[in-house]
Every structure is written in C-alpha cells, then in structure tokens.
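Only one structure is covered here, and it is reproduced in the block below.
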Amino acid sequence: MSARRKICFVLPSLNGGGAERAAVHILNSLDAGAWDRSMYLFRREGPYLDQVDCRIALSAGQSGSRIGRWRELRRFLRASRPDMVVSFLSYFSVLAASRAARIGARVVFNLQTPMTAFLDDADYHWRRPWHRRLFSAVTRVGYGLADRIVATSKGVADDLISQFGVAPARIVVIHNPVDLAQIARAVAEPIDPVFERNWTPPVVVAAGRLADAKNYPLLIDAMAVLRQRVPARLFILGAGELEGMLRRRIEELKLEDDVVLCGFQDNPWKYVARADAFALTSRYEGFGNVLIEAMACGVPVVATSSPGTREIVGDGIDGLLVDRHEPADVAAALERLLTDETFHRRLSAAARASAERFALPVIAAAYDRALGAALA
C-alpha cells in the first residue's frame, strides 16, 4: 500500500465566508486513507473551527504582522513538510512561504472570484490606480508560478486566461460543494422567535456578508418597488461593515417593518427553507454557494447575472437571472415568483434536483482526482 500524501490547506482564518466553508467541507471529505490532511490558519478564529474533522491536524500562527505571519507559515511548512499546499486566499504569501521553505511542495491556488472584479471591489484598498496596477502585475507573475489553479467556475477561469495570461492547461474548474445532508438536518431547527413574530408570507430571504460586492442597496431598493404591488418582507442574514449604511437606507425608504437585518446566523438554512424566494443581488459572484444551498432547500432563487450565478442557475428552469442590475428588474423577477404559484412550484422542484450536481461526495471526488494529478 502506498504512503499517504501529505496535504495542507492554508487560509487566513475560518471566519464566515464561502471560501472558508468550502475549504472545510473539501478537506473533511478528502479520502483519509489516501491523504494525510492538515490545515494552517494565520489566525485561529472563525465560526467553522468546530466543523474541522478531528482527524485533521489544525495549526495556527500568532503574529499580527504580515511578515510575521509569512515567517510563521514558512517555519510550519519546513517542520511539517507537506507534499502539497492548497491556498484559499492570501495566495502570494502562501506561494512565497512555500517556495522559501524549500521542501519541494506543489502549490495549488483555489480561486473563488474573478480577479478583474476583485481588483475593482470597493472593499479593497488596491482600487486606487497604482495599487491596482501593482496587484495586477503580481497576479500575472504569481498565478504563473502556481503548480495548479482550481477555479470555482468557468467564468473565473476565463477571466484568468483572458486578462492575466494564465495558460488554460494550468487551470481546472471544480465547483464548490454543498453538504446536502447537513442542510437537511439544519432546516428542521426552529427560527429565532424574535424573527418569527414578523415572519408573515410572502417572505424573501438573502444571505451574505454586508459588503459592497453583495450590493444589498439594490435589493433594498427593489423591495421598495415590490412592496407597491406585493406585501412581501425581506430578511437579510449576515453581518458586515455596511450595516449602518443599510439601516439608514431602510429608514429612508420607510421599510423598517418590512426589511429585517438578522445578523450572522450559524444556521442560515432554517430561515432559507421557510422563505418563499431567495435573492442574491451581488455585483459579481465567482460562484455563489448560497444559491445552491437555497436551491437544496427547494426555494426558488432570483440572482443578478454574473459569471458564477450563470453557471448555477438555469434562467426560468430552476431559478431566475436578472441581466440588468436595476431595482425594477429585480422586483419584477421576485414578483413573478411570489405571485405565480404554478411557476413557483415548478422552479422549486427543479431547484432541488439541480442542487444534486454540487453534492459534497461528487465535488470531493473531483478534488481528489485533480489534486492527485497535480502531484503526479
């Protein structure tokens, strides 16, 4: 029997994002008989810490500085000597530390977002022209030095090829997984009584970090339009730096009784499963895990069109895509779902079936093949 190959997933932390959740699911599901699994975090924090399989060696740094974190990772890699290092975020720090450790490890980047959209994101300081140019140049070099890149969608891969000159042969597209069994268990839990009192159908739910890329102002403005025709309520699950701005917008539109900010929820699925529609109005999505999770709950989705959402949602088949990112268009799509019962039932059934494509065992097997090939 051949020796297990040593693999280490590296992340900044396990704070609540799609990349972090995907990393935990994937590493947990890799065949423990074939892989000696470990995870390294720059900071030991985040709501997904307790979801890491107890058989996985979990280590973390302590430094608060960028150079300190880099040195700690380099020391860890020299001591643990993995055959493969898979970076979810902080790609270039991980690449540099791996090369500096001189252990011959293959380095794989997991890319969740189109890099051109990331460089334009208002949440990041390199939107300033010279920062953007510098990071763009580093991206070209760094992605060229990685042994393999796993892109979560074809749109993410195409962006790397066309905008940053990455060779197609270096990229493999593997979607993020969804733990359907975990969702099936989670939806049975009751929702918080504080929110249940206002839970009067029709209900729209949205979920995700309160950040610029998620474009919640568009969804809130769409609700103002929708409320003129349909007495719907919106519950937003998530926390973030834009909460104050969003609350002010809700007050300006006099939607205080109709739009509820619920904060971060450990179990968002119990809310999603009870909704009549799920909405995602992001400026861009590299994939959109939360769409699949909503579909797995049998809830029809409305999503603004972007590379990731187009790869998940079949417009008019298992959900609705909105090409024009405008309040009236989002409101019209939601109105159709909430008022056409036959259409709603058809999309609900199709959504459940579509979610099976992204089931955890299917995606874990694809990762096993791709990572094994990168080592071969």
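Observations on the structure shown:
Listed here are the residues, each with its yes/no results for (1) outside any helix (DSSP H, G or I); (2) modelled with pLDDT of 90 or more.
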position: HIS131; (1), (2): no, no
position: PHE135; (1), (2): no, no
position: ALA169; (1), (2): no, yes
position: HIS175; (1), (2): yes, yes
position: ALA184; (1), (2): no, yes
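- Residue in the stretch 313-320 that is crowded, with 24+ Cβ neighbours inside 10 Å, assigned by TED's automatic domain parsing to the domain that holds ALA184 and farther than 16 Å from VAL205 by Cα present: yes
- Hits in the stretch 293-327 - residues which are more than 23 Å from THR342 (Cα to Cα), over 19 Å from the mean Cα position of the chain (by Cα) and not charged (D, E, K, R): HIS325, PRO327
- The set of residues in the stretch 143-161 being among the β-branched types (Val, Ile, Thr), touching a residue at least 40 places away in the same chain (Cβ under 8 Å) and not in a loop (DSSP other than H, G, I, E, B) consists of ILE149, VAL150, VAL156.
- Look at (1) modelled with pLDDT under 95; (2) charged (D, E, K, R); (3) surrounded by fewer than 19 Cβ atoms within 10 Å (Cβ to Cβ) and you find that ARG81 fails only one, number (1).
- Test: residue in the stretch 363-376 that is more than 20 Å from the chain's Cα centre (by Cα), within 30 Å of ARG148 (Cα to Cα) and buried (at least 21 other Cβ atoms within 10 Å of the Cβ): yes
- Selection status of LEU210, assigned to a loop (DSSP other than H, G, I, E, B), touching a Leu at 6+ places or on another chain (Cβ under 8 Å) and in the same structural domain as PRO307 (by TED's automatic domain parsing): yes
- Residue selected from the stretch 108-129 under the condition at pLDDT below 90 and either assigned by TED's automatic domain parsing to the domain that holds GLY288 or of a type in the set (Phe, Trp, Tyr) (or both), by the criterion farthest from SER306 (Cα to Cα): TRP126
- The set of residues in the stretch 32-46 being touching a Lys or Arg at 6+ places or on another chain (Cβ under 9 Å) and loosely packed, with under 14 Cβ neighbours inside 10 Å consists of ALA32, GLY33.
- Number of the exception - ARG44 against (1) closer than 19 Å to ARG81 by Cα; (2) modelled with pLDDT of 95 or more: (1)
- Pairs are defined by a Cβ separation below 9 Å, a sequence spacing of at least 6 or placement on different chains, a first member in the stretch 162-182 that is in the same structural domain as ILE149 (by TED's automatic domain parsing), and a second member that is surrounded by fewer than 21 Cβ atoms within 10 Å (Cβ to Cβ) and assigned to a loop (DSSP other than H, G, I, E, B); the pairs so defined are ARG170/ASP147.
- Taking the criterion of being buried (at least 18 other Cβ atoms within 10 Å of the Cβ) and aliphatic (A, V, I, L, M), the residues of the stretch 333-359 that qualify are ALA333, LEU334, LEU337, LEU338, LEU347, ALA350, ALA351, ALA355.
- Residue ID - nearest to THR339 (Cα to Cα), chosen from residues in the stretch 264-281 that are at pLDDT below 95 and in contact with a strand residue (DSSP E or B) (Cβ under 8 Å, 6 or more places away or on another chain): PRO268
- Within the stretch 210-241, the set of residues being more than 19 Å from ASP329 (Cβ to Cβ), modelled with pLDDT of 95 or more and crowded, with 18+ Cβ neighbours inside 10 Å comprises ARG233, PHE235, ILE236, LEU237.
- Check on ARG140, at pLDDT below 90, part of a helix (DSSP H, G or I), in contact with a Leu (Cβ under 6 Å, 6 or more places away or on another chain) and surrounded by fewer than 17 Cβ atoms within 10 Å (Cβ to Cβ): no
- Scope the stretch 224-268; condition within 22 Å of ARG197 (Cβ to Cβ), in contact (Cβ under 8 Å) with a residue 12 or more places away in the chain and assigned to a helix (DSSP H, G or I); matching residues: LEU226, GLU243, LEU246, ARG247, ILE250
The values are calculated or read from the model by the stated rules, or taken from the named source; none is laboratory data. This one's a predicted model, so the numbers in the text were calculated from it and none came from an experiment. Don't worry about glycine lacking a Cβ; one is built from the backbone with ideal geometry, like all the others, and counts go over all protein chains shown.
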